[in-house]
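Asker: I have a structure here, written as structure tokens, and I will follow up with some questions on it.
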Amino acid sequence: MAHVTLTINGRDYRIACGPGEEEHVTALGTVLDAKARALAGRLGHVSEGLLMVMVGLTLADELAETTRERDRLRERLDTVGQAADQAEAQERLRDDAEDRAAQVIESMARRIEGLAERLERP
């Protein structure tokens, strides 16, 4: 098992992680440290436990907002997908109508040619 040392608000923590996850865990620690330092700067002196609860709440709020935004984007994507499906369906209907019209015109042209041949006969 791999280990990394994270410095959060001036204190070091040795954290175990899976092999190859060191860089990712270190990046997460950097985010956590930035949140902790920002909150400590705004709140002043608070216990480490309270600070970590506040950091957790801040991150949970950001996650909740990101989840809401993702859901809104999925709804919009669904709407766009439905509109695209409807447009495709209309395109198929238009293509089918054009094909049918072409067949009717072709049939009418044959009938007209046939009539014209009969009229030209003596």
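The values are calculated or read from the model by the stated rules, or taken from the named source; none is laboratory data. Note that this is a predicted model, so its numbers are computed, not measured. Heads up, the Cβs are rebuilt from the backbone with ideal geometry, glycines too, and the neighbour counts pull from every protein chain shown.
Asker: Can you spot a residue in region 28-37 that is among the small types (Gly, Ala, Ser) and surrounded by fewer than 13 Cβ atoms within 10 Å (Cβ to Cβ)?
Answerer: First, pick out the residues of region 28-37 that are among the small types (Gly, Ala, Ser): 29, 34, 36.
Next, only the ones that are surrounded by fewer than 13 Cβ atoms within 10 Å (Cβ to Cβ) stay: none.
Checked region 28-37: no residue is among the small types (Gly, Ala, Ser) and surrounded by fewer than 13 Cβ atoms within 10 Å (Cβ to Cβ).
Asker: Under 7 Å between Cβ atoms, at least 6 apart or on separate chains: pull out the pairs that start in region 49-61 with a residue that is in contact (Cβ under 8 Å) with a residue 12 or more places away in the chain and end on any residue that is charged (D, E, K, R) and assigned to a helix (DSSP H, G or I).
Answerer: Every condition considered, the pairs that remain are VAL55/LYS35; THR58/LYS35; LEU59/LYS35.
Asker: Could you look through region 1-10, keep only residues that are out of contact with any helix residue (DSSP H, G or I) (no Cβ under 6 Å at 6 or more places or on another chain) and outside any strand (DSSP E or B), and pick out the one that is nearest to THR58 (Cα to Cα)?
Answerer: Per the criteria, the residue is GLY10.
Asker: Going through region 38-75 one residue at a time, which ones are of a type in the set (Lys, Arg) and surrounded by fewer than 10 Cβ atoms within 10 Å (Cβ to Cβ)?
Answerer: Kept after step one, since they are of a type in the set (Lys, Arg), are these residues of region 38-75: 42, 68, 70, 72, 74.
Correct list: ARG42 only.
Asker: Any residue that is closer than 16 Å to ILE8 by Cα, among the small types (Gly, Ala, Ser), in the same structural domain as ALA2 (by TED's automatic domain parsing) and in contact with a helix residue (DSSP H, G or I) (Cβ under 7 Å, 6 or more places away or on another chain) - is there at least one of those in region 19-35?
Answerer: Looking for residues that are closer than 16 Å to ILE8 by Cα, among the small types (Gly, Ala, Ser), in the same structural domain as ALA2 (by TED's automatic domain parsing) and in contact with a helix residue (DSSP H, G or I) (Cβ under 7 Å, 6 or more places away or on another chain), one finds none in region 19-35, hence no.
Asker: Can I ask one more? Take region 11-27 and flag every residue that is part of a helix (DSSP H, G or I), among the charged types (D, E, K, R) and surrounded by 12 or more Cβ atoms within 10 Å (Cβ to Cβ). Don't jump to the end; show me each part of the working.
Answerer: Start the filter on region 11-27 by keeping residues that are part of a helix (DSSP H, G or I), which leaves 22-27.
Of the ones still in play, those that are also among the charged types (D, E, K, R) are 22-23.
Answer for region 11-27, where residues must be part of a helix (DSSP H, G or I), among the charged types (D, E, K, R) and surrounded by 12 or more Cβ atoms within 10 Å (Cβ to Cβ): just GLU22.
Asker: Another one. Say whether the condition of being free of Cβ contacts under 8 Å to residues at least 12 places away in the same chain, over 26 Å from HIS3 (Cβ atoms) and small (Gly, Ala, Ser) is met by at least one residue in region 20-35.
Answerer: Scanning region 20-35, I find no residue that is free of Cβ contacts under 8 Å to residues at least 12 places away in the same chain, over 26 Å from HIS3 (Cβ atoms) and small (Gly, Ala, Ser), so the answer is no.
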